[in-house]
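Read-outs: derived from the displayed coordinates by stated rules, not from any lab. Keep in mind that what you see is a predicted model, and the values were worked out from it rather than measured. Note that each Cβ is placed from the backbone with ideal geometry, even for glycine, and that neighbours are counted across all protein chains shown.
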C-alpha cells in the first residue's frame, strides 16, 4: 500500500511557493498539484489565495510567458497557443494579452522560416501531396489556415 505524506498548511504553502517560483504556473496546475497532495478544498483555496497575493501565481504573467515560449521555442502558431491556454482554463482576457506578446513581423517571419525549412525536408515528387504534407504540418502547429494557404501558393 502506498502511504501519502500529510502536509500541514504551512508545509504545503512553502512547497507550492517554490513550485511556482521555479516556473510560471497556471491556476489549474497549482490546484491539481494541491489535490495530488491530498489537500482539502478549504486549504486549496487558502493556499491559492496566498500565492496570488504574494505574486507567486499570476495567470496573465503565465499566459504571456507561455505564448512567448511556445512561439519562439516550439514555433507554434496562434491557434495552437490559444487552444493550449484554453485547455489550462486561462481566461479570454489573458489569452488576448498573451497573443499581444507576439510581434506581427516576427510571426510572419517565423512562419516563412518554418515553411521553407519543412518544405526542404519533404521528399515528394507529387506537387499536391507535397502541398498537403506542408499544409498539414503547419496547421497542426497551429498556424492560421489563411496564412498557411497563402504561404503554400508562395512556396510550392
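Only alpha carbons enter this Debye calculation for the range 40-104, each as an equal point scatterer, and the log10 of I(q)/I(0) it gives at q = 0.14 Å⁻¹ is -0.46. At an R0 of 35 angstrom, the distance between the Cβ atoms of residue 123 and residue 28 translates into a FRET efficiency of 0.25.
I need the shape label for the chain. Rule: rounded when a/c is under 1.5, else prolate if a/b > b/c, else oblate, with a, b, c from the alpha carbon gyration tensor. Could you put the intermediate results ahead of the total?
Details: a/c = 3.67, a/b = 2.46, b/c = 1.49.
It comes out prolate by the Cα gyration axes.
Counted residue by residue at 0.36 nm each, then reduced by the alpha carbon distance between them, the extension gain from residue 68 to residue 153 reaches 27.8 nm. Expressed in Å, the radius of gyration and Dmax of the Cα atoms of the range 104-155 are 10.4, 33.
Work out, step by step, the length gained on full extension between residue 15 and residue 132: first 0.36 nm times the residue separation, then minus their alpha carbon distance; give nm to one decimal. Each step should come with its number before you reach the end.
Numbers: separation 117, 0.36 × 117 = 42.12 nm, distance 4.79 nm.
Full extension of this stretch gives 37.3 nm more.
FRET efficiency for the residue 112 to residue 92 pair, using the beta carbon distance and R₀ = 41 Å, is estimated at 0.90.
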